[in-house]
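*Asks:* Pasting a structure here, questions to come.
Just so you know, all these numbers are worked out from the coordinates, no wet-lab data involved. As the structure is a prediction and not an experimental result, all values here were calculated from the model. Note that each Cβ is placed from the backbone with ideal geometry, even for glycine, and that neighbours are counted across all protein chains shown.
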Amino acid sequence: MHIDFNLSVNSLPKMADFCVVGSGPAGMTLALELERYGRSVILLEGGGLTWNDESQDIYKGDVIGDSYFELDSARLRYLGGSSGHWGGWCVPLSEIDFQKKAGFEDTQWPIEKKDLDPFLEKALSVLDVHQPRNEVVLDSEFGIKEYSISLSHVRFGEKKYRERLNSSKNVTYVTSANLTGLEADGQHVSGVKATNFAGQSATVKAKHFILAMGGIENSRMLLWCNNQTNGKIVDPRAPLGRYWMEHPSFTVGHALVDLKITNSDGYYIPHLLLSLTDAVKRKSSILNCGIELQEIPSQGTKGLLKDLLCVAPKIGEWAASLAGKNIVCGVKLNAGWEQEPIWNNHVKLSETKRDRFGIPLTELHWKKTDRDRATLQKSLSHFNDYLMAKNHGRIKFYDWVFGKNGYPVTVGDTAGEDGASYHHMGGTRMAHTVKNGVVDSNCRVFGQGNLYVAGSSVFPSGGMANPTLTIVQLSLRLAEHLRYA
């Protein structure tokens, strides 16, 4: 059943088993899985059924540090959340992503890959994709492996899931219902204050509450509600808002390669996805880095051949001979990598700017560190060594990659593409203890008996994988945990 909160603030169910706040991949998956278990759910969405400016404006904010996207363009605030504009890449985290890594002490999860594996098949079904092919080691000497992705076209606010909501007897979904407060006594949450765009409010009652508002908004709203309740929601020892992460992503150059560029994943452009084996990463003391070889038109390949003939005639002749046999290809080289979780990267409440409900807007503090850059540079150097040693090709890196002047200054710069991946992770991280995280291994807020957090904000580290598949796995696992609660 659907309720437009702008039109009716007095028709909410008096009580439900669960109140889920947020209807993106995390919240929608959780609500519908709880329904499958026969539980009643009130699903609150701050936006409407489609885009509107008054809702989207609540996502405005400032970024302090490195160049980044406008925060209200990096997220969507209506039914289905940011799945309305995601790229669809699906790949699970690998075993090493959950483990403690030497020199990167804050990357460890309190769960293991095997804890999420039972939910992989169902998560793939939710996203309507097949399981990506297993990784293939292309060269064991250099530790170069190929990985693959599956491409989802699911939009959680569109036909498939909206029809399920409309026909549901156990899920009441409420649009234009903005979370503006939590009622709490220090151990339990008793209600959620929801406010429509006319300023009218009502209290939503449930046995259990789950915040699934996104990788920035979960932190913002917990910070606000914690302030309003004088610290009765989040333990002051917890690193709330801290260890926020992205996946830095840049075009780093072009290359001539004799590797076969395939399109076996169904992605819309021929491409090859490569990374380094775990052994190489450990030896190099770096985190994950993905390298994408994206085929360019033949005219671009000819230009690379011409440049190579000018600076290295013998190598250029080799490449030209292969081009004549159609076994060399010009590619654009893209890199996306794991960012180290650090305390200083964090979500903060603005001291000067507020949304229409009087809640401080987001102030996101985000910078890439020298160690983040080392992951990129060491990964690219190793891949370049591999190409040269095996005579598989030559790379022309952009000057900034190994220069001393940092990254391209502007997000969207043609020499660097986007600069990030729209992957918002951390801020309410999962941990064994409250000193290291905001939620425990079951996504329950430390110290609270009935308050949980869902989504990528609970990630202690980001790995290299796009986060949505893991988000869905975690929501399915949380639903299983809450099944009999």
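*Asks:* Tabulate in residue order the Karplus-calculated ³J(HN,Hα) for segment 426-434, using 6.51 cos²θ - 1.76 cosθ + 1.60 with θ = phi - 60°, rounded to whole Hz; enter x for Gly and Pro.
*Replies:* Values per residue, Gly and Pro as x: x, x, 10, 4, 7, 7, 6, 10, 5 Hz.
*Asks:* Enter the Cα centre distance for the pair segment 332-392 and segment 414-483, rounded to the nearest angstrom.
*Replies:* Their Cα centres are 17 Å away from one another.
*Asks:* Could you sort out which of 232/348; 283/348; 205/353; 169/207 sit more than 24 Å apart by Cα distance in this structure?
*Replies:* Among 232/348; 283/348; 205/353; 169/207, the Cα-Cα distance tops 24 Å for 283/348; 205/353.
*Asks:* Rounded to the nearest whole Å³, what is the per residue volume of the convex hull around the Cα atoms of segment 171-262?
*Replies:* Details: hull volume 19.9 nm³, N = 92.
Cα-based convex hull of segment 171-262, divided per residue, equals 217 Å³.
*Asks:* Between residue 99 and residues 5 or more places away or on another chain, which pairs have amide H atoms under 5 Å apart, with H built 1.01 Å from N, and which residues are they?
*Replies:* Amide H to amide H, under 5 Å and 5 or more residues apart or across chains, residue 99 pairs with 109.
*Asks:* If you average 1/r over all unlike Cα pairs in segment 1-85 and invert the result, what Kirkwood radius do you get in angstrom?
*Replies:* Radius from the Kirkwood sum: 14.4 Å.
*Asks:* Sticking with this structure for a sec: With unit charges on the beta carbon (Lys/Arg positive, Asp/Glu negative), name the residue among 229, 403, 424 whose Cα is farthest towards the positive pole of the charge dipole of the chain.
*Replies:* 229
*Asks:* Given H placed 1.01 Å from N in the peptide plane, which residues other than close sequence neighbours of residue 8 have an amide H under 5 Å from its amide H?
*Replies:* It is none; the list stays empty.
*Asks:* Something else: Quick one: which of 32-38, 213-219 comes out on top by average Cβ neighbours within 10 Å, and what's the full order, highest first?
*Replies:* By packing density, highest mean first, the sequence is 213-219, 32-38.
*Asks:* For residue 193, which aspartates and glutamates qualify as cross-link partners when the Cα separation must be under 13 Å and same-chain residues fewer than eight apart are set aside?
*Replies:* Filter leaves 45, 183.
*Asks:* Turning to a different aspect of this structure: Over the Cα atoms of segment 26-157, how large are the radius of gyration and the largest Cα-Cα distance (Dmax), in Å?
*Replies:* When restricted to Cα atoms, segment 26-157 yields Rg and Dmax of 18.7, 56 Å.
*Asks:* Sticking to Cα atoms, compute the Rg of segment 343-397 to one decimal and its Dmax as the biggest Cα-Cα distance, whole number, in Å.
*Replies:* 20.9, 61
*Asks:* So what's the Cα pair-distance distribution over the chain, bin width 20 Å, in %?
*Replies:* Using 20 Å bins, I get a P(r) of 24, 53, 20, 3 for the chain.
*Asks:* Moving to a separate point now. Tally Lys/Arg at +1 and Asp/Glu at -1 over every other residue whose Cβ is under 11 Å from the Cβ of residue 475; what's the total?
*Replies:* In short, 0.
*Asks:* Moving to a separate point now. Would you mind calculating the relative contact order of the chain from Cα pairs under 8 angstrom and at least 6 residues apart, reporting the percent as a whole number? Write down the numbers at each step before the final one.
*Replies:* On the way: 1130 pairs, mean separation 114.6, N = 485.
Normalised by residue count, the contact order of the chain is 24 percent.
*Asks:* What angle do you read, to the nearest 10 degrees and between 0 and 90, between the alpha-carbon axis of helix 298-311 and the longest principal axis of the chain?
*Replies:* 50 degrees
*Asks:* Given the rule -39500 (n - 2.57) for each run of at least 4 DSSP H residues, summed and divided by the residues of the chain, what is its mean residue ellipticity at 222 nm, to the nearest 500 deg cm²/dmol?
*Replies:* Details: 12 runs with 120 residues, N = 485.
The helix contribution divided over the chain gives -7500 deg cm²/dmol.
*Asks:* Lysines near residue 281 by alpha-carbon distance under 17 Å, same-chain residues fewer than 8 away left out - which ones?
*Replies:* Cα-Cα hits under 17 Å: 100, 101, 145, 378.
*Asks:* Next question. As a test, work out the antiparallel percent of DSSP beta bridges whose residues both lie in the chain, rounded to the nearest 5.
*Replies:* That works out to approximately 70 percent antiparallel.
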